[in-house]
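Q: Sending over a structure as structure tokens; questions will come in a sec.
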Amino acid sequence: MAIRFVGRTAELRALKGFLAKPEPAVAVIYGRRRIGKSLLIQQALAGRPALVFEGLENRPKREQIAAFLFQLARQTPLAGIGGDTRNWRDALIRLQPVLEQRPAWIILDEFQWMANYRREMVSDLKLVWEQYLSKVPGVKLILCGSIASFMTTKVIRSSALYGRTDLELHLKEFNLGEAQTLLSGRGLDEVVEACLIVGGVPKYLELVRDHPSIRTAVDALAFRENGYFVEEYDRIFISHFGRNPDFRKIVAALAACPQGLFRQQLVQQAGIGSGGLLSEHLADLQAAGFVSSAVPIDKGENSRRIKYWLSDAYLRFYFAFIRPNLRKIRSGVQSDLFARLAQTGRFHAWRGKAFEHLCIAHARPLAEILGFSGIDFTCGPYFRAPAGEEAGLQIDLLFQRADNVLTLCEMKCGLPPIGLGVVKDVERKVAILQRAFPSKTIQRVLVVHGEPSRDLEQAGYFYRIIRSSELLASGD
């Protein structure tokens with residue numbers, strides 16, 4: 001099926017506006033692989049002249065320069081002037097006569113590979129751009145990368161380009177409404193299921209779209225010997241983090257603890273050091289969108305009570321069901337493996353937790369549905385350890401509002417009707433919250449994928465019961 005461009009309305013508008021300006025300018029676009037950066041650029045260019053270069057994955061500087069010159073030669077007959085070179089300044093300056101003859105936009109894709117994750121090329125690029133290339137009327141420079149930590153720290157905030165970028169775009173996963181558009185023709189249950197399993201990554205959604213159903217897609221792509229999602233885990237870590245084993249250890253430890261881990265717990269579970277290198281690794285994983293962190297909403301931003309959890313949907317699914325069954329998948333001995341797994345209690349429990357993550361990712365639409373998005377608020381998890389006779393507590397999504405209201409969101413995903421049993425669990429959480437925040441009003445909200453029972457709706461216990469269809473309709 002042909003690739004469709006959907007969503008990205010604000011990003012496309014910003015990029016088109018950037019390209020429409022007459023003066024020279026620099027844009028930086030970043031986001032994890034498969035997120036649609038190249039497609040966004042193609043849509044904005046709309047056939048206009050551009051010189052496009054792509055870095056080579058994990059290859060040395062000499063090969064990067066050779067690949068740049070090769071790509072330049074394929075795009076213009078003027079590129080052969082000057083022979084081979086081993087430094088970026090001499091390579092980049094060869095763009096000048098090409099641009100003077102025919103102005104175009106310069107696009108350096110997978111820039112972190114091109115630069116070998118070092119600042120050296122950034123400095124050389126800054127020199128050539130400011131002294132020579134930017135003097136050519138009608139030229140723009142777009143730097144595109146899939147390693148967010150490199151693009152932010154060593155490009156945008158580097159000493160060479162700090163304050164010199166005119167546009168910064170961070171592409172993130174699609175929300176439910178955008179996923180529904182990409183999965184055109186799919187019903188609510190299949191759209192939600194796709195997002196629970198592979199998240200809002202456009203490439204992943206395109207892959208599952210091209211099958212008769214989401215379940216058959218997952219079976220073919222994740223539980224067959226040569227399935228795309230069987231090997232995607234290794235591709236992710238090699239392309240994002242090379243072969244550093246600490247990243248895999250961190251992710252595996254978080255996958256084993258769906259409720260999340262504090263830093264010291266993570267050190268123990270992953271068997272890694274607790275020094276500054278761990279902070280760098282966690283920052284890289286968070287920048288890539290694989291890991292999230294939070295402090296309790298009643299604590300300051302500098303609190304040390306930071307809890308980390310695995311936020312990438314595909315990685316959560318991989319560790320829960322693909323990785324434990326790799327031997328069976330690769331041997332091909334059990335053709336109905338996923339069908340069997342999908343009937344287990346473990347799978348239904350996993351879906352429930354995955355739905356919670358999906359709701360957390362849609363916190364802003366939830367605030368809009370509940371009518372308080374215009375009020376200043378913070379949101380996130382609230383957790384506290386047991387103290388004396390007081391039981392511990394974890395609330396996955398709590399809004400702390402400037403109008404002195406705490407909105408507690410309970411999230412449930414189930415096939416049978418969701419009954420009154422949910423009230424008892426919420427009451428326990430409310431009781432602890434009331435003791436912790438005696439002056440606040442506590443608003444109870446239930447978010448469901450499935451149907452609440454008639455008894456639950458008639459009880460009037462919840463201020464509002466929000467169905468997943470409302471989240472899907474919330475759009476951008």
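Q: At 10 °C and 1.306 mPa s, grab the translational diffusion coefficient of the chain from Stokes-Einstein with a Kirkwood Rh over Cα pairs, rounded to a whole number in µm² per second.
A: So the translational diffusion coefficient is about 64 µm²/s.
Q: If you don't mind, there's one more thing I want to ask. Give me the percent relative contact order of the chain, please, defined on Cα pairs under 8 angstrom at least 6 residues apart.
A: 13 percent
Q: Okay, moving on. Please express the shape of region 362-476 as an equivalent ellipsoid: the semi-axes are the square roots of 5 times the eigenvalues of the C-alpha gyration tensor, given largest first in whole angstrom.
A: Working: eigenvalues 103, 75, 30 Å².
Ellipsoid half-lengths, sorted descending, are 23, 19, 12 Å.
Q: Ignoring ligands, DNA and RNA, please state the percent of accessible area on region 394-471 from carbon and sulfur, probe 1.4 Å.
A: In region 394-471, the share of accessible area belonging to carbon and sulfur is 48 percent.
Q: Under the classification rounded if a/c is under 1.5, otherwise prolate if a/b is larger than b/c and oblate if not, where does region 199-257 fall, given a ≥ b ≥ c as square roots of the Cα gyration tensor eigenvalues?
A: Here region 199-257 falls in the prolate category.
Q: Follow-up question, since we're still on this one. Return the loop-located trypsin sites (Lys or Arg not before Pro) in region 231-299 (DSSP other than H, G, I, E, B) with at most 11 other Cβ atoms within 10 Å of their own Cβ; answer none if there are none.
A: Arg243
Q: Sticking with this one: Say a paramagnetic label sat at a point 7 Å from the Cα of Glu280, along Cα to Cβ; which residues of region 122-151 have their backbone N under 20 Å from it?
A: Within reach of a label on Glu280: 122-123, 146-151.
Q: Taking all protein chains together and a probe of 1.4 Å, list Asp124, Asp455, Asp84 from the most accessible to the least accessible.
A: If we order Asp124, Asp455, Asp84 from most to least accessible, we get Asp84, Asp455, Asp124.
Q: Further question: Counting other Cβ atoms within 10 Å, which GluC sites (Glu not before Pro) in region 339-423 have at most 10 and lie in a DSSP loop? Present the calculation step by step, with values, prior to reporting the outcome.
A: Details: sites: Glu356, Glu368, Glu389, Glu390, Glu410; in loops: Glu389.
When the GluC sites (Glu not before Pro) of region 339-423 are filtered for loop state and at most 10 Cβ neighbours within 10 Å, Glu389 remain.
Q: If you don't mind, there's one more thing I want to ask. Between region 317-394 and region 25-80, how many Å separate their Cα centres?
A: Each part's Cα centre sits 37 Å from the other's.
Q: If you don't mind, there's one more thing I want to ask. Identify, among Gly273, Ser149, Pro386, the residue whose Cα sits farthest towards the positive end of the charge dipole of the chain, taking +1 on the Cβ of Lys and Arg and -1 on the Cβ of Asp and Glu, with the dipole about the Cα centre.
A: So the residue we want is Gly273.
Q: Once the dipole of the chain is set up with Lys and Arg at +1 and Asp and Glu at -1 on Cβ about the Cα centre, which of Ile297, Pro60, Val448 lies farthest towards its positive end?
A: Pro60
Q: Do any trypsin sites (Lys or Arg not before Pro) in region 56-138 lie in a loop, going by DSSP, with at most 11 other beta-carbon atoms within 10 Å of their beta carbon, and if so which?
A: Details: sites: Lys61, Arg62, Arg74, Arg86, Arg89, Arg94, Arg118, Arg119, Lys126, Lys135; in loops: Arg86, Arg94, Arg118, Arg119.
Within region 56-138, the qualifying trypsin sites (Lys or Arg not before Pro) (loop, at most 11 other Cβ atoms within 10 Å) are Arg86.
Q: Could you pull out every one of the aspartates and glutamates with an alpha carbon less than 16 Å from that of Lys424, ignoring same-chain neighbours closer than 8 positions?
A: Glu410, Asp455, Glu457
Q: Over the Cα atoms of region 339-399, each weighted equally, I'd like the Debye log10 I(q)/I(0) at q = 0.18, 0.20 Å⁻¹, rounded to two decimals.
A: -0.80, -0.86
Q: Any idea what the dipole of region 84-233 comes to, in debye rounded to 20, about its Cα centre with Lys/Arg Cβ at +1 and Asp/Glu Cβ at -1? Kindly include the intermediate steps, with their values, before the conclusion.
A: Working: 18 positive and 21 negative charges, 161 e Å.
Once rounded to the nearest 20, the dipole reads 780 debye.
Q: With a sphere of radius 15 Å drawn around the Cβ of Gln268, what net charge do the other residues whose Cβ falls strictly inside it have (Lys, Arg +1; Asp, Glu -1)?
A: Charge balance near Gln268 sits at +2.
Q: Say each of Ala349 and Phe5 gets a label point 7 Å from the Cα, pointing the same way as Cα to Cβ; how far apart are those two points in nm?
A: 4.6 nm
Q: Now, a different point. With charges set only on the Cβ (+1 for Lys and Arg, -1 for Asp and Glu), what does the dipole of the chain come to about its Cα centre, in debye to the nearest 20?
A: Here the size comes out at about 720 debye.
Q: Shifting gears a bit: If I stretch the segment between Asp189 and Ala391 completely, what's the gain in nm (0.36 nm per residue apart, minus their alpha carbon distance), one decimal? Each step should come with its number before you reach the end.
A: Working: separation 202, 0.36 × 202 = 72.72 nm, distance 3.57 nm.
The span from Asp189 to Ala391 would gain 69.1 nm if fully extended.
Q: Return the distance in nm (one decimal) between the two label points of a simple spin-label model at Lys424 and Gln42, each offset 7 Å from Cα along Cα→Cβ.
A: About 5.5 nm, to one decimal.
Q: Would you mind putting 29-42, 438-451 in packing order, based on average other-beta-carbon counts within 10 Å, highest first?
A: 29-42, 438-451
Q: Here's another thing I want to ask about it. Residues of the chain: accessible area per residue at 1.4 Å, in Å²?
A: Here the residues of the chain average 46 Å² of exposed surface.
Q: Which whole-number percent is the relative contact order of region 300-434 (Cα, under 8 Å, 6+ apart)?
A: 16 percent
Q: So, one more: Starting from the Cα of Arg435, step 7 Å along the direction of its Cβ; do the same at Arg364; then give the gap between the two resulting points in nm.
A: Using points 7 Å along Cα→Cβ, the separation is 3.7 nm.
Q: Also, I was wondering about something else. Which links in Lys299/Lys353; Lys135/Lys172; Lys37/Lys353; Lys328/Lys353; Lys21/Lys126 stretch past 27 Å when you go from one Cα to the other?
A: Pairs exceeding the cut-off: Lys135/Lys172; Lys37/Lys353.
Q: What is the gain in length, in nm to one decimal, between Glu457 and Asn244 on full extension, counting 0.36 nm per residue of separation less the C-alpha to C-alpha distance?
A: Gain on extension, Glu457 to Asn244, equals 71.6 nm.
Q: Using only DSSP helix segments of four residues or longer, with each worth -39500 (n - 2.57), what per-residue ellipticity at 222 nm results for the chain after dividing by its residue count and rounding to 500?
A: When only DSSP H runs of four or more count, the value is -12500 deg cm²/dmol.
The values are calculated or read from the model by the stated rules, or taken from the named source; none is laboratory data. Every value quoted in this text rests on a predicted model; they were computed, and no experiment measured them. Reconstructed Cβ throughout: ideal geometry from the backbone, glycine too, with neighbour counts over all protein chains shown. To get the accessible areas, we keep the full protein, side chains included, count just its heavy atoms, and leave off ligands, DNA and RNA. Shrake-Rupley method; radii C 1.70, N 1.55, O 1.52, S 1.80 Å.
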